[in-house]
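Notes to accompany the following structure.
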Amino acid sequence: MSRTESNPIRRSIEVEYWVIDDEGRLVEPGALVDATPGAEREFVEPVLEIKTTPCETTAELREELFERISRVLQCADEVGKGLVPLATPITREEIQELESDRTQIQNRVIGEPFEYVRHCAGTHIHVEQQPGHVVDQLNTLIALDPALALVNSSPYFQGRHLATGARSKLYRWMAYDSLPHQGRLWPYVDDTADWNQRLEDRYAEFVQMALEAGSDRATIESNFDPESAVWTPVQLRNEFSTVEWRSPDTALPSHVVQLAGDLADTVERLLDTEVRIEGDNGRITDDEFVLPEFEAVQEYVDAAIRDGLSSDAVRAYLERMGFDVTAYEPLTDDFDDKVVTPSKARQCRLDYAARLEGDVRSTTPIPND
């Protein structure tokens, strides 16, 4: 019996969706929050987050996520609402925040660019930490960050084409442009002590900036700790004992489950294989895990955000790293308009809310049907 057969690697998902009314306008979730376990408000009004528990197999993960979304959809049908699996709301919207000390501090530290974050909905994938392999897990997920291209779901910001992965550009290149240590991908780590030192350094930096921006220390420290004060896309999460990948867009539920499964499969394969870092190309086979130098990873990430799977370099890299690129159909590829009007954006949200409903209900019965 293999190690993973005796001790399956657990994986979980957190996915955010825009909530709309029956005319495609952004609205608050309201009763949807109480429709299922794992449903929560996000920091902006028109977003609902749905979380799973840690699951031992991708089939189990799919069943739980689809059941929870199905319960939300049942409630949504009753109140005339829908869930939109697109990474941005497409057109210019005034996105209101829920009032909290945490977001107030972020607004003070980041300033006007925090506006960009309000227009983003994404997916977080957690993979259980494996004793003795945590650093290899973290470094491998850093190397796999260009796989965000597999589920890019919106190229738009405020009605205009921004990038194939608009959400990733908004986060990394715009919202945190003045705080690159907070919001961009971090280089590989040597050991967990290296990671913990980085967290402490970034936390001290953040606290100092928050103090200078007018927040008091007690409020800062009650809302942030070293782990929650950074937004780098790949993180060790001691609270959950996972490695968390925060880069993917929100997308159709079947797409994010497929990606989570592929990611967990990759982690399973590294447990009995030496992981090394060398060169620019990278490759994962049955016999070796070769991660490219971090500078090369950055180039692949930039191309994944800018061009997605239309980049030959990104496609080739992901294939070398073990992904079947042909199995993915990013929603962002559906869009070719350079400018989208508000009325067209509302219709688009309705169309993709219907696609999400079809994606879930095609394989999962609604509770009590």
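The values are calculated or read from the model by the stated rules, or taken from the named source; none is laboratory data. Model, not experiment: these values are computed from the prediction. Ideal geometry is used to build each Cβ from the backbone, glycine not excepted, and the neighbour counts take in all protein chains shown. Each accessible area value is taken on the protein alone, full model and side chains, heavy atoms only, with ligands, DNA and RNA left out. Shrake-Rupley method; radii C 1.70, N 1.55, O 1.52, S 1.80 Å.
Touching a His at 6+ places or on another chain (Cβ under 6 Å) and in contact (Cβ under 8 Å) with a residue 40 or more places away in the chain: is that true of GLU14 in this structure? So GLU14 fits the description; yes.
Reported count of residues in region 74-105, each being assigned to a helix (DSSP H, G or I) and either basic (Lys, Arg) or surrounded by fewer than 23 Cβ atoms within 10 Å (Cβ to Cβ) (or both), is 9. Entry remark, region 179-194: residues being in contact with a helix residue (DSSP H, G or I) (Cβ under 7 Å, 6 or more places away or on another chain), farther than 22 Å from LYS169 by Cα and surrounded by 12 or more Cβ atoms within 10 Å (Cβ to Cβ) number 2 in total.
When region 195-206 is filtered for residues that are within 22 Å of PRO292 (Cβ to Cβ) and open to solvent by 20 Å² or more (accessible area, probe 1.4 Å), only ARG198 remains.
How many residues does region 159-178 contain that are modelled with pLDDT of 95 or more and either open to solvent by 10 Å² or more (accessible area, probe 1.4 Å) or touching a helix residue (DSSP H, G or I) at 6+ places or on another chain (Cβ under 6 Å) (or both)? Within region 159-178, residues that are modelled with pLDDT of 95 or more and either open to solvent by 10 Å² or more (accessible area, probe 1.4 Å) or touching a helix residue (DSSP H, G or I) at 6+ places or on another chain (Cβ under 6 Å) (or both) number 10.
Is one or more of the residues making up region 268-283 closer than 15 Å to LEU61 by Cβ and open to solvent by 10 Å² or more (accessible area, probe 1.4 Å)? Steps first, please.
Of all residues in region 268-283, those closer than 15 Å to LEU61 by Cβ come to 268.
Imposing the further condition that a residue be open to solvent by 10 Å² or more (accessible area, probe 1.4 Å) reduces the set to 268.
Scanning region 268-283 turns up at least one residue that is closer than 15 Å to LEU61 by Cβ and open to solvent by 10 Å² or more (accessible area, probe 1.4 Å).
The lone criterion from (1) closer than 25 Å to LEU86 by Cβ; (2) in a loop (DSSP other than H, G, I, E, B) left unmet by ILE50 is number (2).
If you go through region 106-149 and keep only what is in a helix (DSSP H, G or I), of a type outside the set (A, V, I, L, M, F, W, C), open to solvent by 10 Å² or more (accessible area, probe 1.4 Å) and more than 18 Å from GLN182 (Cα to Cα), you end up with just ASP136.
Consider PRO54 carefully, then state whether it is surrounded by fewer than 21 Cβ atoms within 10 Å (Cβ to Cβ) and under 20 Å from SER247 (Cα atoms). Criteria met by PRO54.
Could you count how many residues in region 213-248 are among the small types (Gly, Ala, Ser) and open to solvent by 50 Å² or more (accessible area, probe 1.4 Å)? I'd like the intermediate steps shown before the answer.
Applying the first criterion (among the small types (Gly, Ala, Ser)) to region 213-248 yields 213-215, 218, 222, 228-229, 241, 247.
Cutting the leftovers down to open to solvent by 50 Å² or more (accessible area, probe 1.4 Å) gives us 214, 218, 222, 241.
Selection size over region 213-248: 4.
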